[in-house]
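**Q** Mind looking over this structure? Questions follow.
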């Protein structure tokens, strides 16, 4: 990697938001430093008041990284916007702190952006720790495709366009494909498009901002593209691993915010009903699994509790992020 030198402005700016997860953040930065790039870059880390010494460890190990240390957790969207505001590159990468970037990934993505100036936002293929391909691409959520996922119609009829859910399998996409949403674990955006579309909507504290941003890029006339030839490892949920139920609820809450914003009250009500059906079905299914499959009792119990937490929130409970933000 060629880091920015005096008198040589960066072509690519990389913004990483951290919130605890020190080991993952250091591994992410190590992978970036181990990847030679053809253009000068800069790396900006915005830390959301980590309590595990993440910013101090980064400054010690990577003194060339610009670390912004917040005194409070401002959320994923706002912290990324803070990093983008400090960036100078013609292209900006927003990379989750629990990502390990593969050699050649950045150069492949950058070359595609440079030769296709109509691409506003680009995402690579997500590799999971077990070797599988993760959720790199989505459809824009609607009440219908959320309901299809809730009652498993997308699984029963996997090749049906009518009953398709919002998830898209990207393991078969080998090259380049225009999509509706590239998930927010790893993005590359052009500065020109960013100036027109604007930054992430900071009303999304955590989750949901990726769907909203991709929609806004598309509505502004920019292409949203998946690059199957570039890939990186994503551990997934590194910052939320200790409290999976809480963050599961926050994901639902963010999606409800999205429906309120883009589909109004009627759409939000429809989404709430679809998610209620989904969680009730999961409780029934995992309760049966608990009773009849001893080997899956721990997993089934955890998922029943998670769905119950979501139902409590749906009927009027306050979510963790709502308590943090006063919403």
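Any read-out appearing in this document is the output of simple, stated calculations on the displayed coordinates, not a laboratory observation. Worth saying up front: this structure is predicted, and the values here are computed from it rather than measured. Don't worry about glycine lacking a Cβ; one is built from the backbone with ideal geometry, like all the others, and counts go over all protein chains shown.
**Q** Given 0.36 nm per residue, what is the gain on full extension from residue 160 to residue 180 after removing their alpha carbon distance, in nm? Before the final figure, lay out the partial values.
**A** Details: separation 20, 0.36 × 20 = 7.20 nm, distance 1.78 nm.
Separation in residues times 0.36 nm, less the Cα-Cα distance, equals 5.4 nm.
**Q** Kindly rank 40-53, 294-307 from highest to lowest mean number of other beta carbons found within 10 Å of each residue.
**A** Working: 40-53: 19.8, 294-307: 15.3.
Per-residue mean Cβ counts within 10 Å order the peptides as 40-53, 294-307.
**Q** A further question follows. I'd like the distance separating the alpha-carbon centroids of segment 12-38 and segment 96-171, in whole Å.
**A** Distance between centres, Cα-based: 22 Å.
**Q** Roughly speaking, what is the stretch gain from residue 284 to residue 312, that is 0.36 nm per residue apart minus the C-alpha to C-alpha distance, in nm to one decimal?
**A** Numbers: separation 28, 0.36 × 28 = 10.08 nm, distance 1.60 nm.
In short, 8.5 nm is gained.
**Q** Could I ask something else about it? Taking Cα centroids, how far is segment 255-306 from segment 45-78 in Å?
**A** 34
**Q** Once fully extended, how much extra length lies between residue 51 and residue 108, figured as 0.36 nm per residue of separation less the alpha-carbon to alpha-carbon distance? Before the final figure, lay out each step's value.
**A** Details: separation 57, 0.36 × 57 = 20.52 nm, distance 3.55 nm.
Full-extension gain reported as 17.0 nm.
**Q** In deg cm²/dmol, rounded to 500, what helix-only [θ] at 222 nm does the chain give when every DSSP H run of at least 4 residues adds -39500 (n - 2.57) and the total is split over its residues? Mind showing how you got there, number by number?
**A** Numbers: 11 runs with 145 residues, N = 327.
The helix contribution divided over the chain gives -14000 deg cm²/dmol.
**Q** Looking only at the chain, where both bridge partners belong to it, what percent of the DSSP beta bridges are antiparallel (to the nearest 5)? Show your work: numbers first, answer last.
**A** On the way: 19 of 45 bridges.
So the antiparallel bridges amount to about 40 percent of the total.
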